[in-house]
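Worksheet for the structure shown next.
Just so you know, all these numbers are worked out from the coordinates, no wet-lab data involved. Quick caveat, the model's predicted, so the values are computed rather than measured. So basically every Cβ, Gly included, is an ideal-geometry build from the backbone, and we count neighbours across all protein chains shown.
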């Protein structure tokens, strides 16, 4: 069955003259998909034209129909024109469009355009909308009911205040939550969906539910951010939506309010749905909750959807994967598919293992054992990566080879692979820089590789790691961890130039013997101090909170011993953080002249790591590989500076601090 769908190119047709803007009526098209009926393989859609006020005289709307040969309308199309009569005392007119399944082409578009108006509608102007016919139905492009108990599908951005969007629940129902209560500063917080290429769909709609309390004004804005690729969302072009939101309340909660179906068919190109919480001032205690978000549309591109947190049209930058969600050995990680080339054995290949950086999870390629033969195993992102709207792209990944033997690892990308089937039927481009930067087989040491993807920029691509020619009797292995794809070059410069994020570990503090840690704990103010906790990333970690019977003012430092970078050509830092509750972020600093006493008398430079932002869940965030090349041939100190106030005190936990060099 092929279906009729309507997408509006122009929604409102207004008066041509500025002086008549509020005097002349406005025409709005209302294509009502709910009014579509199917009888005997024939479909009918009813379309309503409505004016903004009751007409005081009769009028006619003459609509030009382009490419309407396969359609039947009521009133009928005559010489390419459809005429609607509107009587005095009315403000609406209807027409219907019908088509039989057996007469529709596979791909079809008809244009309805207002050619002219008469009578009381004179001088209104013109506009158009389109009917698309295709052989598929409405589908979810992106959805989240938050029952995963995290915000992994979303990007959060804190532009003001110490609070941010977080996950919360009531009686087992989870939702996204933001509040200005006990906020340090004025809340300005964004919850942003993955990017969607709206050109791949027609009839796009969004719906969600909201609940609010403790506010007297609407401080929640719902928008589409155009071409958003990270950073400050306020800098992106936005299209403001007009959903039904939960009524304002001075206090207490009611029930969630449905937004209704909001038409997004006017959106073109790439866009992200965003909920923008913008508090009035520090006294505003407003709280908003969002649940059951669904963006749907009719796919006209043929591209498949994403598993996990992406959008149906593909994955937008930045992309990251550390495989910690893949806890079962030998299985294919979420977000990827494994397919085999012709002649390959299929009982070996890619699978998750406890072989990651510092004993974490990773994905391994090996052909050893099992059936006789060789491997041609492809690990492919299960959705296209959207590089068509970026000017640069980089891959950063940790790679090691535990075992020597047969087999080779390559990185490839394709702009014509359609997913699923044998990948060798598509055209693939090999990224030679990646292969040349791989660690030696059997070296059993992770190497951080940064690869420029400039050749793929301008395309929406599938990316694959191909493991080929490993044999059951003599197979090498390669392990992959911490994949990141970004539009800007990551800190550190792997991939054959400058320093690498990997190399030899020079300093490691994983707090296994936490009470005898090598790090200095210095309390400048407040009674609370850095202390050991059993809730580290793997075992113990170091934790600081200024909360004790309430929030307290604190300044506390956690400082490494001197780490000598003499004789190195490159160096890097990585650590992991976890935050709970609202409060100031920690500062991460570096010094070359700290003498072990008062940190205030030393010169410190602030670093810019990635820090955990999810205050509602115990999730660990890698800092990323921080480039320390400018400090080689020096002795350095790394410090974690914690602060809290009487208004807000976050709980920060640090673990697995590692400085590496070559």
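Some values worked out for this structure:
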read-out	value
Residues of the stretch 150-175 with amide N under 19 Å of a point placed 7 Å along Cα→Cβ from residue 235	155-161
Residue list for the stretch 534-560, given a label point 7 angstrom along the Cα-to-Cβ vector of residue 513 and an amide N cut-off under 17 Å	540-542
Mean separation of Cα contacts under 8 Å, 6 or more apart, over the residue count of the stretch 319-490: relative contact order %	34 percent
Radius of gyration, Dmax [the stretch 505-661; alpha carbons; angstrom]	15.0, 50
Modelled FRET efficiency - R0 22 Å, residue 268 with residue 418, Cβ distances, 0.05 increments	0.40
Dmax and Rg, reported as Rg then Dmax, of the stretch 139-299 (C-alpha, Å)	15.1, 46
Two-site label geometry, residue 593 and residue 408: point separation in nm, points 7 Å out along Cα→Cβ	5.3 nm
Neighbour-count ranking [beta-carbon atoms within 10 angstrom, fewest first] of 139, 355	139, 355
Gain on full stretching of the segment that runs from residue 56 to residue 440 - 0.36 nm per residue minus C-alpha separation	129.9 nm
Ranked list, fewest to most other Cβ atoms within 10 Å of each Cβ, for 210, 78	78, 210
Nearest-0.05 FRET efficiency for residue 630 and residue 334, computed from C-beta distance (R0 30 Å)	0.20
Label-to-label distance, nm, for residues given as residue 79 and residue 601 (7 Å Cα→Cβ offset)	9.7 nm
Ranked list, fewest to most other Cβ atoms within 10 Å of each Cβ, for 505, 388, 79	79, 505, 388
Spread of Cα-to-Cα distances over 10 Å intervals beginning at zero, given as percent, for the stretch 366-480	14, 41, 33, 11, 1
Cβ-Cβ FRET estimate between residue 111 and residue 171, R0 fixed at 51 Å, reported to 0.05	0.50
Potential lengthening between residue 139 and residue 94 on full extension [0.36 nm per residue; Cα-Cα distance subtracted]	13.4 nm
Inverse of mean 1/r across different Cα pairs in the stretch 507-561, Kirkwood, Å	11.9 Å
Between the stretch 541-571 and the stretch 187-203, the alpha-carbon center distance in angstrom	37 Å
